[in-house]
Protein chains: 2
Amino acid sequence: MMIEHPGFVLWMTGLSGAGKTTLALALEKELRARGVRLERLDGDTVREGLTRDLGFSKEDRDKNIERVSFVAKLLSRNHVAVIASFISPYAAMREFVRKETTNFLEVYVDAPLEECERRDVKGWYAKARAGQVKNFTGIDDPYEAPENAEIHIRTDLYSIDECVAQILESLEERQFIPAVTA
Amino acid sequence: MMIEHPGFVLWMTGLSGAGKTTLALALEKELRARGVRLERLDGDTVREGLTRDLGFSKEDRDKNIERVSFVAKLLSRNHVAVIASFISPYAAMREFVRKETTNFLEVYVDAPLEECERRDVKGWYAKARAGQVKNFTGIDDPYEAPENAEIHIRTDLYSIDECVAQILESLEERQFIPAVTA
């Protein structure tokens with residue numbers, strides 16, 4: 001049974017290793033269980049169909065977000081929720097997506113660089129420090145932290161379940177999803 | 001008032017000047033009036049957000065269809081109808097979209113080349129004949145006509161209204177949209 005909702009975009013931005021994908025997967029599961037029609041977009045889900053010609057230069061990162069934004073625009077205005085997790089380091093591009101889409105919520109998935117580097121789930125930070133990977137956000141490429149994110153999540157201070165609960169509560173408050181009553 | 005429908009893709013293929021855009025616009029109007037949630041995709045609506053790096057080589061044409069297909073996949077599986085009008089001259093790419101999307105209907109918008117060239121709404125055929133435009137489908141680039149299109153429309157034999165009625169009837173027969181009772 002699907003519910004009717006207005007369409008919205010949860011735009012998860014943050015450093016590599018901050019927990020964007022983990023949170024996105026947990027949120028997807030919870031929202032689907034509640035009957036929310038949704039698509040989860042991240043580097044892996046869009047690469048084959050949309051962005052496989054792109055690398056990590058600023059120009060290519062911007063093109064990447066631009067194409068994802070187009071998809072999120074069409075989905076969100078047709079009442080499909082979007083959970084998008086992209087480092088999306090540039091504030092200007094995040095503002096671009098905000099303007100393009102319906103009910104855009106910036107979710108700052110925040111953990112200190114040292115913590116992300118300590119986790120180093122995929123070994124990218126070690127490679128970036130060794131100079132084997134270039135243009136790595138937080139090491140030799142900038143990350144412009146959100147200044148007014150609708151939702152600010154500290155994954156170094158709260159558990160995944162707590163972070164998911166914070167985001168769901170925020171969606172309920174905005175009446176983007178119905179509140180669950182016990 | 002929006003109706004619930006299963007999501008489908010009307011893929012309008014045909015030569016430049018065959019009437020794809022004219023038909024798509026008329027269909028969009030009629031389907032919206034019936035409460036069908038939909039997006040209309042064509043070269044103009046996708047260029048800025050999705051395909052402005054692409055030209056008219058075979059490789060670029062294929063990439064163009066690939067990206068549009070990704071968007072159509074996400075929309076159609078979330079119960080949003082898609083009206084896509086692209087020359088899409090290569091049968092293999094149309095089959096690719098068929099496999100990727102939900103309830104794909106190939107609509108062959110058919111008019112003889114001579115008729116399309118006579119119409120020459122945008123003056124492209126004249127330029128292609130003069131060699132000022134290269135890789136123009138039907139002149140110096142192939143068009144692989146559909147062999148088993150779900151819907152075959154002859155815009156040289158029927159009026160726009162008649163063609164639209166044929167397509168709507170086909171959607172009703174498949175129960176993709178509710179039949180209108182007089």
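At-a-glance table
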{"quantity": "So B:TYR125, is it assigned to a helix (DSSP H, G or I), of a type in the set (Ser, Thr, Tyr) and more than 18 Å from B:GLY7 (Cβ to Cβ)", "calculated": "yes"}
{"quantity": "Criterion: under 12 Å from the mean Cα position of the chain (by Cα), of a type in the set (D, E, K, R) and either away from every other protein chain (no Cβ under 14 Å) or over 25 Å from A:GLU66 (Cβ atoms) (or both) - qualifying residue of B:LYS29, B:LYS20", "calculated": "B:LYS20"}
{"quantity": "Members of the stretch B:126-157 that are closer than 16 Å to B:GLY55 by Cβ and either surrounded by 14 or more Cβ atoms within 10 Å (Cβ to Cβ) or touching a Lys or Arg at 6+ places or on another chain (Cβ under 6 Å) (or both)", "calculated": "B:LYS127, B:ALA128, B:VAL133, B:ASN135, B:PHE136, B:THR137, B:ASP141"}
{"quantity": "Checklist (1) at positive phi; (2) in a strand (DSSP E or B); (3) of a type outside the set (Ser, Thr, Tyr) applied to B:GLY131, failing item", "calculated": "(2)"}
{"quantity": "Selected residue (criterion: nearest to the other protein chains (Cβ to nearest Cβ)) from residues of the stretch A:54-107 that are acidic (Asp, Glu), farther than 29 Å from B:GLU4 by Cβ and out of contact with any strand residue (DSSP E or B) (no Cβ under 7 Å at 6 or more places or on another chain)", "calculated": "A:GLU66"}
{"quantity": "Subset of the stretch A:33-53 that is in a helix (DSSP H, G or I) and more than 12 Å from chain B (Cβ to nearest Cβ) - its residue that is surrounded by the most Cβ atoms within 10 Å (Cβ to Cβ)", "calculated": "A:GLY43"}
{"quantity": "Residues satisfying the stated conditions in the stretch B:140-182, i.e. touching a residue at least 24 places away in the same chain (Cβ under 8 Å), of a type in the set (Asp, Glu) and within 19 Å of B:PHE104 (Cβ to Cβ)", "calculated": "B:GLU144, B:GLU147, B:GLU150"}
{"quantity": "Single residue of the stretch B:32-80 satisfying the filter (among the hydroxyl-bearing types (Ser, Thr, Tyr) and within 13 Å of the chain's Cα centre (by Cα)) that is modelled with the lowest pLDDT", "calculated": "B:THR45"}
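The values are calculated or read from the model by the stated rules, or taken from the named source; none is laboratory data. Fair warning: this is a prediction, and the values are worked out from it, not measured in the lab. All Cβ positions, even for glycine, are placed from backbone atoms using ideal geometry, and neighbour counts span all protein chains on display.
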